[in-house]
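The values are calculated or read from the model by the stated rules, or taken from the named source; none is laboratory data. Note that the structure is predicted; figures quoted are calculated from it, not measured. Here Cβ is always computed from backbone atoms with ideal geometry, including for glycine, and neighbour counts include all displayed protein chains.
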2 protein chains.
Amino acid sequence: MSVIYNKVALVGLGLIASSMFWAMKRRGLAGTVSGFARSAETRDTARRIGLCDTVCDSLADAVKDADLVVLAVPVGAMGEVAAEIAPHLKPGATVTDVGSVKRAVIDSVGPHIPDGVHFVPGHPLAGTEHSGPESGFATLFDNRWCLLVPMPGSDPAAVATLRTYWEGLGSYVDEMEVDHHDLVLAVTSHAPHLIAYTMVGVADDLNRVTDSEVIKYSATGFRDFTRIAASDPTMWRDVFLNNKDATLEILGRFTEELFALQRAIRTGDGALLQDYFTRTRAIRRGIIEAGQDTDAPDFGRAKVER
Amino acid sequence: MSVIYNKVALVGLGLIASSMFWAMKRRGLAGTVSGFARSAETRDTARRIGLCDTVCDSLADAVKDADLVVLAVPVGAMGEVAAEIAPHLKPGATVTDVGSVKRAVIDSVGPHIPDGVHFVPGHPLAGTEHSGPESGFATLFDNRWCLLVPMPGSDPAAVATLRTYWEGLGSYVDEMEVDHHDLVLAVTSHAPHLIAYTMVGVADDLNRVTDSEVIKYSATGFRDFTRIAASDPTMWRDVFLNNKDATLEILGRFTEELFALQRAIRTGDGALLQDYFTRTRAIRRGIIEAGQDTDAPDFGRAKVER
């Protein structure tokens, strides 16, 4: 693949930005890649592991002459970063982000983008429970979706180039309307994360069940919750604070449904439970068919020969 | 390893029993293994794939002369099976089970066990989201815990032999008091499963977010819930109906905690959220250190070289 942007600036050097760097290098998508992180320790780590062609000590240096600027900081920090880089953006450049919510990012970043600079919000649906500059890897985006949320009046050519870039990183690309994005993600990601955090917190709180027992006997469902609940705390704090309405709506729906199932347990309505569990099992099949997981049995066990 | 039981009878031929068979064969733990399943189709499948040395068409034939009888049927079916096999049990034999709840199994099976037969309830903490005779594999129990719940008055020699047998299948073995078992499992397994089922059901119900979107964009937390929610519906119906009190208690605690976090989202209490998520992240570390998972990043992505 050939160079898509002559210079790409990565602002924030965590899991997503570092994976983007290695994925760009794999395919030669950028002439040069600059990077910036607020923390000196993160910048030192980046220099030590060769993350970015140039690690800059200022935001202004990082974004100078960049054709693509990627905001890869927690959602709550995006507005401040946008204000700071605005005077240094090259005319004709594209600014994008990788935030998990889009309405709040558009509201906080949008007003700072100068005329003549293209703002095309984005969200790669990929990640792991690890964070930081050393957690990235080139294949993170392979076979995963990246959602672009163009603004009314976004330059179609800038959107098309960004799409090609994400495809080069390994993603499938879709465009989505901003509020629909935030609702879909509340269902598929934000509510499940809050639920996993809650369940792990409950287990930790119970004095009668010691920590060591919960941990020792975790290979029974709980372990998968702990993986989700190990995700970056700052990032997730910002997600919930910035996708408040959709997340609370889905959690309300969840609670209503949970109460119905609790009631079935209390009253001994086995038929309701079995029907419900049979229906949810079918959804799993759809995910495997969509290529978003394999049907290899998991729960920590790979199936091998008998 | 040498033969521990001359004849083992597997009653029910699903994921657990079939894995036990392949694990016994791997180490030569049984002289011969007989099997029985209520469904003729399951028996045919077992014969076709070589599951069990002998697949019997009656329970009486399967358990005849068996030194160990393993009840591996849904918890709700255990009592009926116990009543049916009771007259055919060999004096001095051990009866065990693999049910996910123990109080209900002890209450329903215990009264049918004849004098001179040892009843030692058990529960291997291992499984996958697949079920049926073809889902088993020899390594399912490796490095996983099996909890034995001896009855007051259980013969120590019978308990010790069963422990050696489970160790031969690859497990670590602990003994646990019955009600404590049911509470620990409500926390680590039963409540998480009901929560996962609920979240997947909610996603399926939402008309504004089509199925295909939920499935397509599942690699963001939701997918891990669907794996849990794909577990065997009949088995799980029986778990909830038979560990009602402990499960409802934990779910009550979970709801209380979820409401507190929802309130923090609604009021914008970022510090509470971040503290909470930081605490839950630490629990993950404990599970990795306990050898019950690896720290390989998941969410469907193995970390490879940069």
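One line per residue, one yes/no per condition, for (1) surrounded by fewer than 23 Cβ atoms within 10 Å (Cβ to Cβ); (2) of a type outside the set (A, V, I, L, M); (3) without any contact (Cβ under 8 Å) to a residue 40 or more places away in the chain:
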position: B:ASP44; (1), (2), (3): yes, yes, yes
position: B:ILE49; (1), (2), (3): yes, no, no
position: B:THR54; (1), (2), (3): yes, yes, yes
position: B:ASP57; (1), (2), (3): yes, yes, yes
position: B:LEU71; (1), (2), (3): no, no, no
position: B:GLY79; (1), (2), (3): yes, yes, yes
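In segment A:226-243, is there at least one residue being at the interface with chain B (Cβ under 7 Å from one of its Cβ atoms) and more than 17 Å from the chain's Cα centre (by Cα)? The answer is yes; a qualifying residue exists.
So that you can scan it fast, the table gives a plain yes or no per residue for (1) part of a loop (DSSP other than H, G, I, E, B); (2) aliphatic (A, V, I, L, M); (3) outside the structural domain of B:GLY170 (by TED's automatic domain parsing):
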site	(1), (2), (3)
B:VAL33	no, yes, no
B:ALA46	no, yes, no
B:LEU51	yes, yes, no
B:ASP61	no, no, no
B:VAL81	no, yes, no
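Note on segment A:172-209: among residues that are within 11 Å of chain B (Cβ to nearest Cβ) and not in a helix (DSSP H, G or I), the one that is farthest from the chain's Cα centre (by Cα) is A:ARG208. Within the set B:VAL120, B:VAL105, the sole residue that is surrounded by fewer than 24 Cβ atoms within 10 Å (Cβ to Cβ), in the same structural domain as B:ALA17 (by TED's automatic domain parsing) and hydrophobic (A, V, I, L, M, F, W, C) turns out to be B:VAL120. Against the conditions (1) among the small types (Gly, Ala, Ser); (2) without any contact (Cβ under 8 Å) to a residue 60 or more places away in the chain; (3) surrounded by 23 or more Cβ atoms within 10 Å (Cβ to Cβ); (4) farther than 30 Å from A:LEU148 by Cβ, B:ALA230 satisfies every one except (2). With the condition kept exactly as written, say whether any residue in segment A:147-161 is over 22 Å from A:VAL81 (Cβ atoms), surrounded by fewer than 24 Cβ atoms within 10 Å (Cβ to Cβ) and under 17 Å from the mean Cα position of the chain (by Cα). Checked against the condition, which is being over 22 Å from A:VAL81 (Cβ atoms), surrounded by fewer than 24 Cβ atoms within 10 Å (Cβ to Cβ) and under 17 Å from the mean Cα position of the chain (by Cα), segment A:147-161 yields no hits at all. Within this structure, B:MET78 fails the test of being within 14 Å of chain A (Cβ to nearest Cβ) and modelled with pLDDT of 95 or more. Does A:ASP65 count as more than 23 Å from the chain's Cα centre (by Cα), of a type in the set (D, E, K, R) and in a helix (DSSP H, G or I)? No: the conditions fail for A:ASP65.
With respect to B:ALA126, is the statement that it is in a loop (DSSP other than H, G, I, E, B), out of contact with any Leu (no Cβ under 8 Å at 6 or more places or on another chain) and crowded, with 21+ Cβ neighbours inside 10 Å true? Considered against the rule, which asks whether it is in a loop (DSSP other than H, G, I, E, B), out of contact with any Leu (no Cβ under 8 Å at 6 or more places or on another chain) and crowded, with 21+ Cβ neighbours inside 10 Å, B:ALA126 comes out as no.
Filtering segment A:252-294 down to residues that are more than 7 Å from every other protein chain (Cβ to nearest Cβ) and not in a helix (DSSP H, G or I), which residue is farthest from A:HIS190 (Cα to Cα)? The residue in question is A:ASP269. Every listed requirement among (1) facing chain B (nearest Cβ under 7 Å); (2) closer than 29 Å to B:THR267 by Cα; (3) in contact (Cβ under 8 Å) with a residue 12 or more places away in the chain; (4) not small (Gly, Ala, Ser) is met by A:TRP145 save one, (2). Scanning segment A:96-141 for residues that are touching a residue at least 40 places away in the same chain (Cβ under 8 Å) and of a type in the set (Asp, Glu) turns up A:GLU129, A:GLU134.
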